[in-house]
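Q: Have a look at the structure that comes next, please.
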Amino acid sequence: MDLKAQINLEKLPQHIAVIMDGNGRWAKQHGKIRIFGHRNGVKAVRETTEAAAELGVKYLTLYAFSTENWARPASEVNALMTLLVGTIRKELKTLMDNNIRLKAIGDISKLPSKCFKELNEAIEITKNNQRMTLVLALNYSARWEILEAAKTLAAKAKDGEVDPEKIDVDVFESALSTKDYPDPELLIRTSGETRISNFLLWQIAYAELYFTPLLWPDFRKEHLYKAIIDFQNRERRFGKTSEQLT
Ligand code: IPE
Ligand code: IPE
Ligand code: MG
């Protein structure tokens with residue numbers, strides 16, 4: 001059964017977001033320390049990115065590090081940051097070869113300076129690539145993002161640049177870090193957890209949620225295909241009745 005052939009390319013989600021979860025449990029299953037799981041998660045990142053780009057998905061957002069993840073043991077946080085620097089450096093050529101633009105959302109200025117620098121360099125180098133945009137959510141949380149937007153708009157209102165009465169969905173979205181990207185239509189979370197963990201709360205208002213028990217390091221192209229096929233078999237009603245859609 002060729003999963004890829006079952007995908008309707010006319011009905012592809014433009015934007016897919018992924019909560020990459022389960023690295024620690026994967027490592028435990030293999031009798032290794034948690035960072036071993038993170039290292040093995042890189043292959044899943046590569047496969048998912050490649051598969052999405054090959055299909056023609058325009059935006060892929062990956063939740064890589066939440067603001068809450070700083071609460072993990074310092075050794076794990078440090079190892080994750082080191083892995084991030086190494087991965088960006090190693091994968092830059094692949095991004096260029098595949099015409100993929102790298103972007104980030106989250107308070108990246110608070111990342112260790114080495115990460116911040118490496119990330120910004122890769123963003124700059126890939127900025128004219130057009131096939132797909134890969135957005136890394138790093139030191140990201142949705143509540144942080146929504147608060148930042150509220151602060152920005154409040155300051156503008158105070159300065160008379162924005163009329164508070166005119167703040168609608170579009171104005172609010174223009175203050176979010178995702179302002180240049182469409183909302184994700186499909187949100188995938190691995191590892192069997194069925195929660196959002198402070199990810200894209202505003203943007204997923206009408207996303208289709210897809211949960212799989214698979215642990216992130218085991219996620220491969222065919223698993224992305226499966227999620228997309230599942231997505232394509234759903235009826236997205238946006239408040240209407242089923243009859244109204246036909
Ligand atoms: C996801 O895997 C990666 C990050 C949050 C950085 P976890 O590290 O959360 O793995 P589990 O959930 O403990 O298995
Ligand atoms: C969500 O995973 C964050 C990332 C995948 C980066 P967590 O493993 O941190 O989520 P919780 O704590 O189980 O909700
Ligand atoms: Mg987790």
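The values are calculated or read from the model by the stated rules, or taken from the named source; none is laboratory data. Bear in mind the structure is a predicted one, so any value in this text is a computation, not a measurement. Methodologically, a virtual Cβ is constructed for each residue, glycine included, from the backbone with ideal geometry; neighbour enumeration extends over all protein chains shown.
Q: Consider V77 against the criteria (1) over 25 Å from L209 (Cβ atoms); (2) in contact with a Ser or Thr (Cβ under 9 Å, 6 or more places away or on another chain); (3) surrounded by fewer than 18 Cβ atoms within 10 Å (Cβ to Cβ): it satisfies all of them except one. Which criterion is unmet?
A: (2)
Q: If you don't mind, there's one more thing I want to ask. Counting only residues that are more than 8 Å from ligand 2 (Cβ to nearest atom) and of a type in the set (A, V, I, L, M), how many does the stretch 18-39 have?
A: Final tally of qualifying residues: 4.
Q: For residues that are small (G, A, S) and either in a helix (DSSP H, G or I) or farther than 18 Å from A142 by Cβ (or both), scanning just the stretch 154-177, find the one that is nearest to the chain's Cα centre (by Cα).
A: S174
Q: Test of understanding: among L209, L136, which residue is touching a strand residue (DSSP E or B) at 6+ places or on another chain (Cβ under 6 Å), on the phi < 0 side of the Ramachandran plot, in contact (Cβ under 8 Å) with a residue 24 or more places away in the chain and part of a strand (DSSP E or B)?
A: L136
Q: Let me ask something additional. Scan the stretch 23-43 and give yes if some residue there is closer than 26 Å to Y206 by Cα, at pLDDT 95 or above, within 14 Å of ligand 1 (Cβ to nearest atom) and small (G, A, S), otherwise no.
A: Checking the stretch 23-43: not a single residue is closer than 26 Å to Y206 by Cα, at pLDDT 95 or above, within 14 Å of ligand 1 (Cβ to nearest atom) and small (G, A, S).
Q: From the list A79, A104, which one is part of a helix (DSSP H, G or I) and either within 19 Å of M20 (Cα to Cα) or within 16 Å of ligand 3 (Cβ to nearest atom) (or both)?
A: That would be A79, the only listed residue that is part of a helix (DSSP H, G or I) and either within 19 Å of M20 (Cα to Cα) or within 16 Å of ligand 3 (Cβ to nearest atom) (or both).
Q: Still on this structure, please answer the following. Go through the stretch 15-72 and count every residue that is charged (D, E, K, R), closer than 15 Å to F199 by Cα and assigned to a loop (DSSP other than H, G, I, E, B).
A: Total satisfying the criteria: 1.
Q: Next question. Pairs under 9 Å by beta carbon, first residue more than 10 Å from ligand 2 (Cβ to nearest atom) in the stretch 190-203, partner polar (S, T, N, Q) and not in a loop (DSSP other than H, G, I, E, B), six or more apart or different chains?
A: L200/T61; Q203/T61
Q: Considering (1) more than 8 Å from ligand 1 (Cβ to nearest atom); (2) under 21 Å from the mean Cα position of the chain (by Cα); (3) over 22 Å from T178 (Cα atoms); (4) surrounded by 14 or more Cβ atoms within 10 Å (Cβ to Cβ), say which one A71 fails and leave the rest.
A: Answer for A71: the failing condition is (4).
Q: Find all pairs meeting these conditions: Cβ atoms under 6 angstrom apart; at least six residues apart or on different chains; first residue within the stretch 216-227 and farther than 14 Å from L186 by Cα and free of Cβ contacts under 8 Å to residues at least 24 places away in the same chain; second residue β-branched (V, I, T) and more than 16 Å from ligand 2 (Cβ to nearest atom).
A: Matching pairs, first to second residue: none at all.
Q: Here are some conditions: (1) surrounded by fewer than 18 Cβ atoms within 10 Å (Cβ to Cβ); (2) within 16 Å of ligand 3 (Cβ to nearest atom); (3) over 29 Å from E148 (Cα atoms). G24 meets all but one. Which one does it not meet?
A: (1)
Q: If you don't mind, another one. Need pairs with beta-carbon distance below 7 Å; first residue in contact (Cβ under 8 Å) with a residue 60 or more places away in the chain and surrounded by fewer than 23 Cβ atoms within 10 Å (Cβ to Cβ) and within the stretch 174-189, second among the aromatic types (F, W, Y) and outside any loop (DSSP other than H, G, I, E, B); sequence gap 6+ or separate chains.
A: Y181/Y59; P182/Y59
Q: Anything in the stretch 113-154 that is among the acidic types (D, E) and over 20 Å from L200 (Cβ atoms)? List them, or say none.
A: Those that are among the acidic types (D, E) and over 20 Å from L200 (Cβ atoms): E118, E121, E124.
Q: Just give me the residues in the stretch 126-158 being among the aliphatic types (A, V, I, L, M) and more than 19 Å from T61 (Cα to Cα), in sequence order.
A: Matches in the stretch 126-158: L147, A149, A150, L153, A154, A155, A157.
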